[in-house]
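Below is one structure, written out as structure tokens; the observations come after it.
The values are calculated or read from the model by the stated rules, or taken from the named source; none is laboratory data. As the structure is a computational prediction, the values presented were derived from the model and not from experiment. Every residue, glycine among them, receives a Cβ derived from its backbone with ideal geometry; neighbour counts consider all protein chains shown.
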Amino acid sequence: MKKTILFNEHINLSAKMVDFGGFNMPIQYQGISIEHINVRNNVGIFDVSHMGEFFVKGEESLEFLDYVCSNNIKKIEVNKAQYNCLINNAGGIIDDLIIYKLGEKEFMLVVNAANIQKDWKWLNNCISRFNCNIFNKSEQIGLISVQGPKSLDLINEVFENDFTSIKKFNFLSFSFKNSKVIISNTGYTGSKGYELYINNDIIIDIWKLLYSNKENYSLCAVGLGARDTLRIEVGYPLYGKEINDFTTPHEANLMWITHMDKDFIGRNKIIESINQSKKKLVGFRMIDRAIPRSDYNVFDVNKNYIGKVTSGTYSPSSKVGLGMAMIDFYDFKSNEIYIENRNKYSKAIIQKLSI
């Protein structure tokens, strides 16, 4: 397994480590529920340096990305970011990613750790017809996520700056210890937060500076366990769970980042999905006392099988089971569903997940 530069910091904090996307990563420190609640109420810091960073530069970099991505790259302004999907020829999702516009002809792509090699190969196979180049800097750049209502106060103090002006999905670059840092108003928790892209030569220093404010801001380090419960609580998809190479943006409720008024890879297959597919990703909240888990079967009110849970958990915030499921909407006339586990059917209601 690979290790991030912050591996020893996690060990020093007695983190429980697991394999995630080929990386040895912390799943929890004090406990998933404790870390979850602290992000919602105070601030937590996450090591997400396993994520990949690609840079696309050149005369036709915009045209290239507009062709391989679902969203409208032309709408991104410099110092702004955009949520996106890479689409394959069958209309399925190769990966979901965030694209940062660093300059008029320079972009940074942040991709999922488990998909770094797959994405790299796909993008290189597509780039030959465009006048631009792509660089993989995943091994040089680390990423710390600072999430929670006190996140802005924390980073302002640590960097002796005022980042109030950075609006949602905006970012800026600054120098710290003679090294470039990109700070963006993004995150994967549903709470207020920021993400710091940091060269590996100073990332340990920044992690320690953030953590040194533990008492002042009721800060805690947060593992992948709470990262998962936080994102499920607000209905954020995870690659390999809600989305994959065989799921279209239409089925995954990602048409809001799919711009059909342009030519891009997989467009015609997405149109077919819109016209023909009955699968749909939904959020749900348990009515009966039960905790849903991935791959549990889902049934309609007549106990007809209609799909499977993609992600499920017990919400530390609302104290109830909730999750997401990919179900067949054909002749589906009720928002009442049943989650089955060991021949027991527990009632749930389809609803949009939020905090």
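Listing for the model above:
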quantity: Count of residues meeting criterion [surrounded by fewer than 19 Cβ atoms within 10 Å (Cβ to Cβ) and either free of Cβ contacts under 8 Å to residues at least 24 places away in the same chain or not in a strand (DSSP E or B) (or both)] in the range 10-36; calculated: 13
quantity: Selection within the range 227-255 - over 15 Å from the mean Cα position of the chain (by Cα) and of a type in the set (Phe, Trp, Tyr); calculated: PHE246
quantity: Where LEU281 falls short, out of the listed (1) buried (at least 20 other Cβ atoms within 10 Å of the Cβ); (2) in contact with a Gly (Cβ under 8 Å, 6 or more places away or on another chain); calculated: (2)
quantity: Residue match in the range 260-272 (condition: at positive phi, more than 25 Å from the chain's Cα centre (by Cα) and part of a loop (DSSP other than H, G, I, E, B)); calculated: no
quantity: Residue within the range 42-57 that is in the same structural domain as ILE99 (by TED's automatic domain parsing) and more than 21 Å from the chain's Cα centre (by Cα) present; calculated: yes
